[in-house]
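Contents: one structure, followed by commentary.
Please treat every number below as a calculation from the coordinates, not as lab data. Treat the numbers as computed from the prediction; the structure is a model and nothing was measured.
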């Protein structure tokens, strides 16, 4: 599944256009590699999201059963980035 769609459907980011802009700005890594909106997310991938002062690390969960796809994610870690904007 495309990264921008995954972030939208899991509600980590509310809209696909916001998701695309966020990814284009370098805000997301997949398995420690810089991602593009069209990057594919697979079950078990580790996503790192740089959300302002917070770094969110999520393990992707994508399960297919016939025509049904179930999406989810487990937060592995959440920490302060150490970078504070004034």
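The sum of -39500 (n - 2.57) across all DSSP H runs of n ≥ 4, divided by the residue count of the chain, sets its helix-only mean residue ellipticity at 222 nm to -5000 deg cm²/dmol. In the frame of its principal axes, the range 3-80 has Cα extents of 39, 25, 21 Å, reported largest first. In a fully extended conformation the segment linking residue 64 and residue 24 would gain 11.6 nm over its present Cα-Cα distance, using 0.36 nm per residue.
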